[in-house]
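The values are calculated or read from the model by the stated rules, or taken from the named source; none is laboratory data. Only a predicted model underlies this, so the values are computations on that prediction, with no experimental measurement involved. Neighbour counts are summed over all protein chains in view; Cβ atoms, including those assigned to glycine, are modelled from backbone coordinates with ideal geometry.
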Amino acid sequence: MEARMNFFANPVGGKFLRYVNSAGAAVAAAGVPATTQELVKIRASQINGCGFCTDMHTTDATQAGETQTRLNLVAVWREVTVFTEAERAALELTEQGTRIADGAGGVTDEAWDRAREHYDEDQLAALVGLISLINAYNRLNVIIRQPGGSYRPGMFG
């Protein structure tokens, strides 16, 4: 599989990515644990079928010390015991926020309330921003057919 275009090298694409990346920096520093942020990015990327982002975020999580067991079980987080209640609330918010177009009705009040039990207002804002952002990255990479499998930590910065 080969990408349809080199979006990163294109002048318009590159400028777009610089703006999007600056939004990512804002949410990354808002107090949501880095582990949770990676789990959110992985789960949304799995749902959206984005091989590139799934590769990137599982690789980054591994480098940051995440266990292979937890990475293997992200897709089935409801049926396993390896995630904290806070992580489970973030994963539920991620799934409901990512599946909006599936006619699932958006994010339920129950899912929002569970997230509020574990995250303060700034952290919730960061989670909403992060979920939105990873969905944008997923769509970009799926549209251009950016293949996964070649990501190396630090290759973008």
Is there any pair linking a residue in the range 127-148 that is more than 20 Å from A3 (Cβ to Cβ) and at pLDDT below 95 to one that is crowded, with 22+ Cβ neighbours inside 10 Å and hydrophobic (A, V, I, L, M, F, W, C), with Cβ under 9 Å and at least six apart or on different chains, and which? none
Looking at N21, N72, can you tell me which residue is assigned to a helix (DSSP H, G or I) and either at pLDDT 95 or above or in contact with a Cys (Cβ under 9 Å, 6 or more places away or on another chain) (or both)? N72
Within the range 24-51, which residues are of a type in the set (A, V, I, L, M, F, W, C), assigned to a helix (DSSP H, G or I) and under 13 Å from the mean Cα position of the chain (by Cα)? V27, A28, A34, L39, V40, I42, A44, I47
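Yes/no matrix, rows are residues, columns are (1) under 26 Å from P147 (Cα atoms); (2) of a type in the set (S, T, N, Q); (3) touching a helix residue (DSSP H, G or I) at 6+ places or on another chain (Cβ under 9 Å):
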{"site": "Q46", "(1), (2), (3)": "yes, yes, yes"}
{"site": "T58", "(1), (2), (3)": "yes, yes, yes"}
{"site": "A64", "(1), (2), (3)": "yes, no, yes"}
{"site": "A126", "(1), (2), (3)": "no, no, yes"}
Please list, ordered by first then second residue, the pairs with beta carbon atoms under 6 Å, 6 or more apart or interchain, first in the range 96-121 and closer than 16 Å to R78 by Cα, second polar (S, T, N, Q) and surrounded by 10 or more Cβ atoms within 10 Å (Cβ to Cβ). A111/Q96
Based on what the data block shows, is E95 surrounded by fewer than 23 Cβ atoms within 10 Å (Cβ to Cβ), farther than 29 Å from A3 by Cα and not small (G, A, S)? no
Just checking, which of R4, R18 is surrounded by fewer than 12 Cβ atoms within 10 Å (Cβ to Cβ), touching a Lys or Arg at 6+ places or on another chain (Cβ under 8 Å) and either touching a residue at least 12 places away in the same chain (Cβ under 8 Å) or among the charged types (D, E, K, R) (or both)? R4
P33 within 19 Å of L124 (Cβ to Cβ) and either of a type outside the set (A, V, I, L, M, F, W, C) or surrounded by fewer than 21 Cβ atoms within 10 Å (Cβ to Cβ) (or both): yes
